[in-house]
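Trainee: Following this message is one structure expressed as structure tokens.
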Amino acid sequence: MSITLSPSPQKVQEALKALGFTNQVLELQSATRTSSEAAQAVGCMVEQIAKSIVFQGKQTHKPILVIASGPNRVNEKKIGELISEPLGKADADYVRKHTGFVIGGVPPLGHLEQLEIFIDEDLLQYEEIWAAAGSPNAVFKLTPSDLVKMTGGRVTSIK
């Protein structure tokens with residue numbers, strides 16, 4: 001069965017393949033922009049959604065990606081201490097410029113440039129998790145260990 005994906009999800013599928021992963025990107029009829037929408041669409045708990053949140057260093061303006069468990073809020077002060085500068089919000093234009101993807105669809109890999117990545121330790125307790133795949137209605141299933149391998153991200157407490 002051949003699956004035709006939209007351009008952004010196709011970029012994610014190609015990035016997965018280039019890294020040697022066989023995960024399959026799925027485009028869904030319903031939006032998966034929020035963690036609860038994504039969990040409902042794929043039939044998992046909200047905690048199993050690996051949401052990608054892009055920040056920027058307030059001084060260096062470098063992009064920082066935090067991959068958090070669905071219901072968790074990022075403690076910006078804690079992440080700021082890890083990168084030795086305060087975190088600032090990233091608007092939609094900044095996110096697209098540095099990742100190549102829209103807010104609500106930012107995947108954990110396949111970005112336009114190298115991002116410093118932090119992974120919520122809470123995601124490691126699940127056998128499988130789901131991440132955005134390039135658009136607000138595209139996702140893919142993966143394991144927490146695959147997430148760490150494919151991103152090179154640092155596992156830490158983000159709360």
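The values are calculated or read from the model by the stated rules, or taken from the named source; none is laboratory data. Every value quoted in this text rests on a predicted model; they were computed, and no experiment measured them. When we count neighbours, we look across all protein chains shown, and the Cβ atoms used for this are built from the backbone with ideal geometry, even at glycine.
Trainee: Hey, can you tell me all the residues within the stretch 17-39 that are under 30 Å from residue 78 (Cα atoms) and surrounded by 14 or more Cβ atoms within 10 Å (Cβ to Cβ)?
Mentor: The first filter runs over the stretch 17-39 and keeps only residues under 30 Å from residue 78 (Cα atoms), leaving 32-39.
Answer for the stretch 17-39, where residues must be under 30 Å from residue 78 (Cα atoms) and surrounded by 14 or more Cβ atoms within 10 Å (Cβ to Cβ): 32, 33, 34, 35, 37, 38, 39.
Trainee: When you check residue 63 against the structure, is it of a type outside the set (D, E, K, R), touching a His at 6+ places or on another chain (Cβ under 6 Å), at negative phi and surrounded by 19 or more Cβ atoms within 10 Å (Cβ to Cβ), yes or no?
Mentor: yes
Trainee: Can I ask one more? Would you mind stating whether residue 82 is outside any strand (DSSP E or B) and either without any contact (Cβ under 8 Å) to a residue 60 or more places away in the chain or more than 16 Å from the chain's Cα centre (by Cα) (or both)?
Mentor: When the stated conditions are applied, residue 82 passes them.
Trainee: If I filter the stretch 67-83 for residues that are under 18 Å from residue 110 (Cβ atoms), at pLDDT 95 or above and not acidic (Asp, Glu), do I get at least one hit? If you could, list the steps in order and put the result at the bottom.
Mentor: Taking the stretch 67-83 and keeping what is under 18 Å from residue 110 (Cβ atoms), we get 67.
Pick out the ones that are also at pLDDT 95 or above and you get 67.
Cutting the leftovers down to not acidic (Asp, Glu) gives us 67.
Scanning the stretch 67-83 turns up at least one residue that is under 18 Å from residue 110 (Cβ atoms), at pLDDT 95 or above and not acidic (Asp, Glu).
Trainee: Okay, moving on. Name, by its number, the condition in (1) assigned to a helix (DSSP H, G or I); (2) in contact (Cβ under 8 Å) with a residue 40 or more places away in the chain; (3) surrounded by 18 or more Cβ atoms within 10 Å (Cβ to Cβ) that does not hold for residue 148.
Mentor: Looking at each condition in turn, residue 148 falls short on (2).
Trainee: Please go through the stretch 22-40 and pick out each residue that is more than 16 Å from the chain's Cα centre (by Cα) and either assigned to a loop (DSSP other than H, G, I, E, B) or of a type in the set (Gly, Ala, Ser) (or both).
Mentor: Listed by number, the residues that qualify are 22, 28, 29, 30.
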